[in-house]
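Colleague: Please see the structure below; I have some questions.
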Amino acid sequence: MAARALLVTGAAGFIGARFVESCNRRGVPLVSVDRLASFVDRPEHRGLDFGARVDVDGLDGWLAAEAPGLAGIVHLGACTDTTEMDLDHLRRVNLEYSQRLWRWASAHRVPFVYASSAATYGDGANGYDDDEASIPKLRPLNPYGESKQRFDLWALGEEGAGRTPPAWSGFKFFNVYGFGERHKGKMASVILHAYDQIRADGEVRLFKSYRPDVADGEQRRDFVHVEDVVAVLWFALERPLARGIFNLGSGASRSFLDLARATFAALGVPPRIRFIEMPESLRARYQYATEARMDRVRGAGWTTPFTTLEEGARRYVARLLAEA
C-alpha cells in the first residue's frame, strides 16, 4: 500500500489529522482533502506532512483529471456539528459528497472506508447493536445523525444493486476524544473542555440530568480514544474488511463523572465538579447513555484491547501540556 497514495478527506479535521500523522509514521504517501485554509490555520497540525493538498470544492475535478492508482479512500470529511439545523447543507456535505466518492471508488475499483456515527442510534431505544438488519429501524435525534443514517442506508442499497467498491466499510464512531480537536470549539470532547476549565479555575462544569432515573453526572457515553479509531481504520484497510457497517467505540460505557475525575487525576488536581443547567435546545435531543456492541468488528479479526478512559485521559492531557 505504501507505494500508492491514500486519499483522506477531512484530513485537516480532528480524526483526519491523526490519521495523517499515522501515515507520516508509516511513510504512506497522501492526497489530503479539506478546506485549504484548514491545513495552515490550526496550530495542532504543525509538523504534519499532508502530501498533496486538494481543496474540497475542487475534489471532483481532481478525481476526474489526476487520480490514477489510489491505494484507497478514507472518507472522514463531514459536517460533524450535532446542532446543525441546515438540512440542505447536511444533505450536500454528509450525503451527496459521500455518494460521489462511493461512486468514484466503485467505478475505479478503489477500497473505501468511511465514517458513520453513533448519532444514528438516537436515544438508544433500539439498542446499540450494529446488526445491519436493524439500521432501517433506527431513529436519530438530530439532522446530523439523520444525514449519516441516510448514507448508511444508501450504501446498503448500492450493495444490493451490485454497485460497490472492491472492499468497503463504514464505522459508527462513538465519542471520540484525543489530541487535535481544539478547532472544533463547542463540539470538542468534554475532556478538552474539562482540561480548560480545570486550568482556568480549578473546577469542571457538567450538565444536570433531566431524567429522574439518572443522577447528575451519571449520563454515560462510550468514550473511544482517537488512537484506537486510527488503528481500526488501518485494520479495515490492511485486512482488508470486505464489506460492512460496524460500531467503533471502546465497548464500555462510562459516566461524565468518570471522565471528569480522570481529567483531574491526569492533571494532579483534586476533583471539584459543579452541575449546570443544560440549554433548552439540547434537552429533547440529548442521549443519556451509549455503549457500542463491538462483537462484529471483533468477529472480523480485531483483537487489540481498547484504551481505558483513565489511560486515554492521561495521554491526552500529557500531550496538551507538552504542546501548549
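Computed from the coordinates by the stated procedures, all read-outs in this text should not be read as laboratory data. The structure presented is a predicted model; accordingly, all values stated were derived computationally and were not measured. Please note: Cβ atoms are built from the backbone with ideal geometry, for glycine as well, and neighbour counts cover all protein chains shown.
Colleague: Per residue of the chain, what 222 nm ellipticity follows from adding -39500 (n - 2.57) for every DSSP H run with n ≥ 4, rounded to the nearest 500?
Modeller: Computed ellipticity for the chain at 222 nm equals -10500 deg cm²/dmol.
Colleague: Using the Cα gyration tensor of the stretch 1-69, with a ≥ b ≥ c the square roots of its eigenvalues, what is the shape: rounded (a/c below 1.5), prolate (a/b larger than b/c) or oblate (neither)?
Modeller: oblate
Colleague: Please compute the Kirkwood hydrodynamic radius over the stretch 165-227, one decimal place, Å, based on all pairs of different Cα atoms.
Modeller: Numbers: mean 1/r = 0.0706 Å⁻¹.
Value: 14.2 Å, from the Cα pair sum.
Colleague: Sorted from largest down, give the three principal axis spans of the alpha carbons of the chain, whole angstrom values.
Modeller: Principal extents (Cα only, largest first): 56, 44, 39 Å.
Colleague: Could you list 28, 56 so that the one with the fewest beta carbons within 10 Å of its beta carbon is first and the one with the most is last? The partial results should precede the final answer.
Modeller: Values: 28 22, 56 18.
Ascending number of Cβ neighbours within 10 Å: 56, 28.
Colleague: OK, next. Using modelled backbone amide H atoms (1.01 Å from N, in-plane), which distant-in-sequence or interchain residues come within less than 5 Å of residue 204's amide H?
Modeller: When sequence neighbours closer than 5 places are left aside, the close amide H contacts are 272, 273, 274.
Colleague: What is the chain's relative contact order, in percent, from Cα pairs under 8 angstrom and six or more apart in sequence?
Modeller: Working: 585 pairs, mean separation 54.4, N = 324.
Reported as a whole number, the value is 17 percent.
Colleague: Report the charge-dipole magnitude of the chain in Debye, nearest 20, computed about the Cα centre from +1 at each Lys and Arg Cβ and -1 at each Asp and Glu Cβ.
Modeller: So the dipole magnitude of the chain works out to roughly 320 debye.
Colleague: In which sequence would 75, 89, 193 go, from the one with the fewest C-beta neighbours within 10 Å to the one with the most?
Modeller: 89, 193, 75
Colleague: How do 9, 308 line up, fewest other C-beta atoms within 10 Å first? Before the final figure, lay out each step's value.
Modeller: Values: 9 25, 308 15.
Going from sparsest to densest Cβ surroundings: 308, 9.
Colleague: P(r) for the stretch 52-184, please, calculated from all Cα pair distances in 5 Å bins and given in %.
Modeller: 2, 9, 19, 21, 20, 16, 9, 3, 1, 0
Colleague: Reachable lysines from residue 137, Cα under 16 Å, same-chain residues fewer than 8 places away excluded?
Modeller: Reachable lysines: 148, 172.
Colleague: Same structure again: Kindly write out, for the stretch 282-287 in residue order, the coupling ³J(HN,Hα) from the Karplus curve 6.51 cos²θ - 1.76 cosθ + 1.60 (θ = phi - 60°), rounded to whole Hz, with x marking Gly and Pro.
Modeller: Result, rounded to whole Hz: 8, 4, 6, 10, 8, 8.
Colleague: Right, here's the next one. Straight-line reach from residue 208: which lysines fall under 21 Å, measuring Cα to Cα and dropping same-chain residues less than 8 apart?
Modeller: Hits, sequence-local ones excluded: 186.
Colleague: Oh, and also: With angles folded into 0 to 90 degrees, how steeply does helix 14-26 sit against the dominant principal axis of the chain? Use alpha carbons for both and round to 10.
Modeller: That works out to roughly 60 degrees.
Colleague: Convert each backbone phi in the stretch 180-191 into a coupling constant with the Karplus relation 6.51 cos²θ - 1.76 cosθ + 1.60 (shift: θ = phi - 60°), then list the ³J(HN,Hα) values in order as whole Hz, x for Gly and Pro.
Modeller: The phi angles translate into x, 10, 4, 5, 6, x, 5, 8, 5, 5, 5, 4 Hz.
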